Amino acid sequence: MPSTLKFLDLFAGAGGLSEGFIRAGFQPIAHVEADASACFTLKTRQAYHWLKNNNSIDVYVKYLQNELSRDELYNAVPTNEIDSVINAFIGAETLSEIFQKVDQQIGESKLDLIIGGPPCQAYSLIGRARGNMHDDPRNHLYKYYAEFLRRYKPKYFVFENVLGLLTARNPNGELYFDKMKSLFVEIGYTVEYRVLSANEYGVLQNRKRIILVGKKGHRSKKSFYPEPEKLITEACVWDLFSDLPKIQAGGGSTTPQRGRSEQSKCLKESGIASTLPLTWHQARPHSKQDLEIYKHAVNLWDTEKRRLHYDDLPEYLKSHKGRNSFVDRFKVVAGDLAACHTVVAHISKDGHHYIHPDIEQNRSITPREAARIQSFPDDYYFENVSGKPARTSAFKQIGNAVPVLLAQKIAEQLLRNW
């Protein structure tokens, strides 16, 4: 398989999609992302890959162990590796400048592929329920995605988004998805899409996403869609957590820790396992009331395999006014299931929807546990603007990401079709 195909990642987030394509053998030319914290995560990951490929991974380990500053880490790799991450909101005012920076990174090379998808909140059902969808400028970011296709003319592009995109309409009643597809066809691409379920590709999470793929040129009778090979494992969610140190609410650390036992087959085969120091296994603190509710939720699952309905709680634990909506606001990440419920960015707000399955630990899951659910490798470090660890930022980046393993399966099949 070719290993020098170059890609550009738009709306890159923390790099879940990019990481999957790198694993498959593609080479990133540049990443464009509006969130500054996510950009530092991408820069640190770029540094990791360069150091690993140049037999200098010990430098990265020293950084994880706080023996080097972030600037010292970045100074240890070529400048173009760090400069390949472009912190900018993609829009009419910034497009020209972003093009210039991407051009500098491409140099004399050719861009083979563009990946990425605009922020999904504007198309999500939750976003529409808030009533602000028509005024959201993110509805139109796909038009700028198309401008990158016009300029660089890659052979393929891979566009990812939420299922809500299939039904989201503009003020004229037209489907945004139809407008997108028509625009991509207009600029010279044939497009095909599928709804892919991450749990069918080795990810222990029920997460469905639209994956649209475009190919340069006119439609032929033969489908070109890179149907990824399905990978149904015998693992359960416990296999993602079983080796981690047992901690209580408020316990753990963002700095390196070692696992407490042998890692599961699932962790090794998925690429999550790493020999490098483990970071971000730090639990939120919780109130006594929340901890008591968590025990109710876990006990109900353990004894009856039943989810907690808010009205199931004793009256003295019911402090929320809204009792007819979001009745499953307290939800266990059930360890005995083959896939847990979807990890979303709301996990950065609180952990009530992501309660750890071990009643003895009695807490919500840590960023590292959430990252494992998203199939991020354990050597992936989530950054913050200040350089100091910020759990909220890490959770947000993880919740917004594309599962790495799903991205890898798509990329591997795209390479086979190339």
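The values are calculated or read from the model by the stated rules, or taken from the named source; none is laboratory data. Please read these numbers as outputs of a predicted model, since none were measured by experiment. Cβ placement follows ideal geometry from the backbone for every residue including glycine, while neighbour counts extend to all protein chains displayed.
Checking each residue of the range 340-350 against the condition of being touching a Pro at 6+ places or on another chain (Cβ under 8 Å), in a loop (DSSP other than H, G, I, E, B) and under 16 Å from GLY250 (Cα atoms) gives no match. I'm trying to understand the selection: among the residues of the range 358-401, which are among the basic types (Lys, Arg), in a helix (DSSP H, G or I) and out of contact with any Pro (no Cβ under 8 Å at 6 or more places or on another chain)? ARG368, ARG372, LYS396 - these are the residues of the range 358-401 that are among the basic types (Lys, Arg), in a helix (DSSP H, G or I) and out of contact with any Pro (no Cβ under 8 Å at 6 or more places or on another chain). Each residue in the range 164-195 was checked for being part of a loop (DSSP other than H, G, I, E, B) and either buried (at least 19 other Cβ atoms within 10 Å of the Cβ) or outside the structural domain of HIS140 (by TED's automatic domain parsing) (or both), and 1 of them qualify.
Listed by first and then second residue, the pairs linking a residue in the range 4-16 that is over 18 Å from ARG207 (Cβ atoms) to a residue that is acidic (Asp, Glu) and in a strand (DSSP E or B), with Cβ atoms under 9 Å apart and 6 or more places separating them unless they lie on different chains, are ASP9/GLU33; LEU10/GLU33; ALA12/GLU33.
Number of residues in the range 247-294 that are in a helix (DSSP H, G or I) and within 26 Å of ALA235 (Cβ to Cβ): the value is 7. When VAL203 is tested against (1) in contact with a strand residue (DSSP E or B) (Cβ under 8 Å, 6 or more places away or on another chain); (2) in a loop (DSSP other than H, G, I, E, B), exactly one condition is not met: (1). Could you please let me know if LEU415 is touching a residue at least 12 places away in the same chain (Cβ under 8 Å), crowded, with 24+ Cβ neighbours inside 10 Å and assigned to a helix (DSSP H, G or I)? So LEU415 fails the test. Taken over the range 240-254, residues that are closer than 14 Å to ASP378 by Cβ and either surrounded by fewer than 21 Cβ atoms within 10 Å (Cβ to Cβ) or hydroxyl-bearing (Ser, Thr, Tyr) (or both) amount to 4.
Of the residues making up the range 103-136, those that are at pLDDT 95 or above and closer than 21 Å to LYS396 by Cβ are ILE115, GLY116.
The number of residues in the range 89-102 that are part of a helix (DSSP H, G or I) and loosely packed, with under 13 Cβ neighbours inside 10 Å comes to 3.
Among residues that are assigned by TED's automatic domain parsing to the domain that holds PHE89, crowded, with 20+ Cβ neighbours inside 10 Å and either in contact (Cβ under 8 Å) with a residue 12 or more places away in the chain or part of a strand (DSSP E or B) (or both), PRO226 is included.
Among the residues of the range 274-307, which ones are aliphatic (A, V, I, L, M) and at pLDDT 95 or above? Answer for the range 274-307, where residues must be aliphatic (A, V, I, L, M) and at pLDDT 95 or above: ALA283, LEU291, ILE293, ALA297, VAL298, LEU300. Looking across ALA394, ALA371, ALA407, ALA411, one residue alone is closer than 20 Å to TYR48 by Cα, of a type outside the set (Val, Ile, Thr) and assigned by TED's automatic domain parsing to the domain that holds ASN66. It is ALA407.
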